[in-house]
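Worksheet for the structure shown next.
Here, each number is a calculation from the coordinates, and none is a lab measurement. Keep in mind that what you see is a predicted model, and the values were worked out from it rather than measured. Here the Cβ positions follow ideal geometry from the backbone for every residue, glycine too, while neighbour counts run over all protein chains shown.
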């Protein structure tokens, strides 16, 4: 059924720290690796070594520059993947019932054997979180690594989405955003986590932590380098030599 | 949005076919069976051709039957269900008329109602798209219905309804362009809301990759936008203004009617191409594009 559940038991999702992300694209690669070798159709590439390489990715890093008024410009690396929205517009447009939101944990998934590859869900998503695989003709999207997080065959510390496990900067956090006792919930409260495109009315589960403002004083190290000149004979000698 | 030929053909041809069904169902007149038969076949052919061309857009057309299951929530599914129902009811109505001479008016009304419903559902597939502000308007179904009725009336040779339909079509198309040009700015979605970086001006410093991707090809289509003005004038003139003026000035008989059909269909294809090519998806903001 492509109607959305009234309420989900959990709201599993990601919290992405824009202050911490260094834009290394490690999560992009680990996502591609895990989701090519595991659940569903592989994420294919077209013309991978040619002039116009193209391929299916479920996670991409954009880099923006923000110029606040009277402050220095700031570079912000911006990872973007499915936000597992509460009011997911991609789910309700699906004509076959292939797209659905799980009642037990809120993950938005595609049943690939029911997908006719009409592409309407990708149109309905304001975030560009869904990509049609050119080789398979079915819609691919972030599964929140549903085949890792409940996987009892892998060590406990690996039972998080591949992107979260890989991030060397600790910029990606995974958990139940509907649980007020969870650490991820506190993180969002503490740092003022925000929704992307709130005006689109999708109620995303994933939250973004805005970058902390930069210092207004540009010359941070300068004051530390200013040294007191030594006193005594060496000080006098230093002063005389400066004058030459 | 990428103006896929299969989708343009689908919306344009099926709209014409269903529009013709509306007039054959509501005002069949006293046509001889073979005349009615020819008209019915034309309507069925146009609608079926359109529907079949939509299958070319699919990654897995062999699974299309599954698309009829989600009519409770999906406009695409509703469109599929109604299209098949309309074809069946209209084929029955036409066959009874031509083969047995039974002119069942209520069956014709039902076919007309279903045909209008199908065109409405087709339009709602686009009008429901909040991320495409230009489409997300009641003018979208209005425009699709006006196109369908104008083309249908002209094909059916119902000149008086056609005159009104062309006038409404021209007005709606002009309004849709006027409102559509402002829609993106009025949607409130900007690079600031897209990134959550609200404390200053945001620009794309580096794209996620050097090549294109599915999203950019499908939703950040920019080719040909610079020809918008000339294409709008040509489209509106051919689709509505020329037929309107011709009906007012001349007595429309077979040859002229045929020429007007050609003019209208050419204009329909141009404006339908623009409908897609001009539509901007908010995802473009993540790529610093519109």
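For (1) in contact with a strand residue (DSSP E or B) (Cβ under 7 Å, 6 or more places away or on another chain); (2) in contact (Cβ under 8 Å) with a residue 60 or more places away in the chain, each residue gets a yes or a no:
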{"residue": "B:202", "(1), (2)": "yes, no"}
{"residue": "B:205", "(1), (2)": "yes, no"}
{"residue": "B:213", "(1), (2)": "yes, no"}
{"residue": "B:216", "(1), (2)": "no, yes"}
{"residue": "B:227", "(1), (2)": "no, no"}
{"residue": "B:232", "(1), (2)": "no, no"}
{"residue": "B:236", "(1), (2)": "no, yes"}
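Can you name the number of the only condition in (1) more than 19 Å from the chain's Cα centre (by Cα); (2) assigned to a loop (DSSP other than H, G, I, E, B) that residue A:121 fails?
The one condition residue A:121 does not meet is (2).
Which ones in region B:189-206 are over 34 Å from the mean Cα position of the chain (by Cα), in a loop (DSSP other than H, G, I, E, B) and at the interface with chain A (Cβ under 7 Å from one of its Cβ atoms)? Before you say what the answer is, go through the steps one by one.
Initial filter on region B:189-206 (over 34 Å from the mean Cα position of the chain (by Cα)): B:196-206.
Filter once more, so that each one left must be in a loop (DSSP other than H, G, I, E, B): B:196-199.
If the condition is that a residue be over 34 Å from the mean Cα position of the chain (by Cα), in a loop (DSSP other than H, G, I, E, B) and at the interface with chain A (Cβ under 7 Å from one of its Cβ atoms), then B:196, B:197, B:199 are the ones that fit.
For region B:41-59: of the residues being within 22 Å of residue A:89 (Cβ to Cβ) and free of Cβ contacts under 8 Å to residues at least 12 places away in the same chain, which is farthest from the other protein chains (Cβ to nearest Cβ)?
Narrowing region B:41-59 to residues within 22 Å of residue A:89 (Cβ to Cβ): B:54, B:57-59.
Within this subset, residues satisfying the condition of being free of Cβ contacts under 8 Å to residues at least 12 places away in the same chain are B:58-59.
Details: B:58: 5, B:59: 2 Å.
If we take residues in region B:41-59 being within 22 Å of residue A:89 (Cβ to Cβ) and free of Cβ contacts under 8 Å to residues at least 12 places away in the same chain, then B:58 is farthest from the other protein chains (Cβ to nearest Cβ).
Hand me the list of helices (runs of 4 or more DSSP H) wholly inside region B:217-290 holding 2 or more residues that are under 19 Å from the mean Cα position of the chain (by Cα).
On the way: elements: B:228-236, B:242-249, B:254-277.
So the answer is B:228-236, B:254-277.
Surrounded by fewer than 22 Cβ atoms within 10 Å (Cβ to Cβ), facing another protein chain (nearest Cβ under 9 Å) and touching a residue at least 60 places away in the same chain (Cβ under 8 Å), is that true of residue A:72?
Values: surrounded by fewer than 22 Cβ atoms within 10 Å (Cβ to Cβ): yes; facing another protein chain (nearest Cβ under 9 Å): no; touching a residue at least 60 places away in the same chain (Cβ under 8 Å): yes.
No.
Applying the selection to region A:156-170, what residues are surrounded by 13 or more Cβ atoms within 10 Å (Cβ to Cβ) and either under 13 Å from residue A:28 (Cα atoms) or without any contact (Cβ under 8 Å) to a residue 60 or more places away in the chain (or both)? Give the derivation first.
We begin by selecting, within region A:156-170, every residue surrounded by 13 or more Cβ atoms within 10 Å (Cβ to Cβ); these are A:158-167, A:169.
The answer is A:158, A:159, A:160, A:161, A:162, A:163, A:164, A:165, A:166, A:167.
Of the residues A:144, A:196, A:177, A:187, only one is over 26 Å from residue B:219 (Cβ atoms), surrounded by 18 or more Cβ atoms within 10 Å (Cβ to Cβ) and touching a residue at least 24 places away in the same chain (Cβ under 8 Å); which? Spell out the reasoning first.
Working: A:144 fails: over 26 Å from residue B:219 (Cβ atoms); A:196 fails: over 26 Å from residue B:219 (Cβ atoms); A:187 fails: surrounded by 18 or more Cβ atoms within 10 Å (Cβ to Cβ).
Answer to the check: A:177.
Among (1) out of contact with any helix residue (DSSP H, G or I) (no Cβ under 9 Å at 6 or more places or on another chain); (2) within 14 Å of chain B (Cβ to nearest Cβ); (3) over 29 Å from residue A:113 (Cα atoms); (4) part of a loop (DSSP other than H, G, I, E, B), where does residue A:203 come up short?
All conditions pass for residue A:203, except number (3).
Looking at residue B:184, is it in a helix (DSSP H, G or I) and within 14 Å of chain A (Cβ to nearest Cβ)?
Numbers: in a helix (DSSP H, G or I): yes; within 14 Å of chain A (Cβ to nearest Cβ): yes.
For residue B:184, the condition - in a helix (DSSP H, G or I) and within 14 Å of chain A (Cβ to nearest Cβ) - is met.
Somewhere in region B:83-100, is a residue within 14 Å of chain A (Cβ to nearest Cβ), within 18 Å of the chain's Cα centre (by Cα) and either at positive phi or buried (at least 17 other Cβ atoms within 10 Å of the Cβ) (or both)? Outline the logic, then answer.
Step one: of region B:83-100, the residues within 14 Å of chain A (Cβ to nearest Cβ) are B:83-84.
Okay, now just the ones that are also within 18 Å of the chain's Cα centre (by Cα), so B:83-84.
From the residues that got through so far, the ones that are either at positive phi or buried (at least 17 other Cβ atoms within 10 Å of the Cβ) (or both) too are B:83.
Scanning region B:83-100, I find at least one residue that is within 14 Å of chain A (Cβ to nearest Cβ), within 18 Å of the chain's Cα centre (by Cα) and either at positive phi or buried (at least 17 other Cβ atoms within 10 Å of the Cβ) (or both), so the answer is yes.
Within region A:30-60, how many residues turn out to be surrounded by 15 or more Cβ atoms within 10 Å (Cβ to Cβ) and away from every other protein chain (no Cβ under 12 Å)?
Result for region A:30-60: 8.
Are there strands (runs of 3 or more DSSP E) fully within region A:51-108 with at least 3 residues that are under 30 Å from residue B:75 (Cβ atoms)? List them.
On the way: elements: A:59-68, A:74-81, A:99-101.
The qualifying strands (runs of 3 or more DSSP E) are A:99-101.
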